[in-house]
């Protein structure tokens with residue numbers, strides 16, 4: 001994965017992750033867009049990041065290993081101006097409007 005994109009994946013960033021999904025013999029790509037709430041272990045082998053999104057009014061979180069071959073590409077939708085915490089687990093209780101106020105994005 002590109003080092004420039006890895007540097008932009010930080011808590012508060014809105015990203016779209018395209019993951020490869022195998023269904024029988026076929027393979028397709030499926031997007032998952034949401035807010036990065038955690039990034040763990042830097043750039044080492046076991047590094048990962050957690051993306052949270054609301055799907056049908058239910059909160060869904062996915063943990064992606066950074067060096068996974070199942071990730072086709074990552075698009076950075078927006079990056080935060082300033083986030084005061086390294087992990088944004090507290091946003092689980094907030095509404096979408098409250099999250100936008102707390103995590104001021106560009």
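Computed from the coordinates by the stated procedures, all read-outs in this text should not be read as laboratory data. Predicted, not measured: the structure shown is a model, and the values here were computed from it. Neighbour counts are summed over all protein chains in view; Cβ atoms, including those assigned to glycine, are modelled from backbone coordinates with ideal geometry.
Here the contact order of region 9-65, divided by its residue count and restricted to Cα pairs under 8 Å and six or more residues apart, works out to 27 percent.
In whole percent, what relative contact order does region 39-92 give with Cα contacts below 8 Å and a gap of six or more residues?
Numbers: 44 pairs, mean separation 14.8, N = 54.
Answer for region 39-92 is 27 percent.
Run lengths n ≥ 4 of DSSP H only: what is the helix-derived mean residue ellipticity at 222 nm for the chain, with -39500 (n - 2.57) per run over all residues, to the nearest 500? Before the final figure, lay out the partial values.
Values: 2 runs with 13 residues, N = 106.
Calculated from helices alone, the mean residue ellipticity at 222 nm is -3000 deg cm²/dmol.
For the pair residue 56 and residue 26, label points projected 7 Å from Cα toward Cβ lie 2.1 nm apart.
State, as an integer percentage, the relative contact order of the chain based on alpha-carbon contacts under 8 Å between residues 6 or more apart.
Details: 194 pairs, mean separation 31.3, N = 106.
RCO, the chain: 30 percent.
Can you tell me the convex hull volume per residue for region 3-91, based on C-alpha atoms, in Å³ to the nearest whole number? Here the figure is 109 Å³ per residue. Each residue, residue 43 and residue 63, gets one label point 7 Å from its Cα in the Cβ direction; the gap between the two is 2.3 nm.
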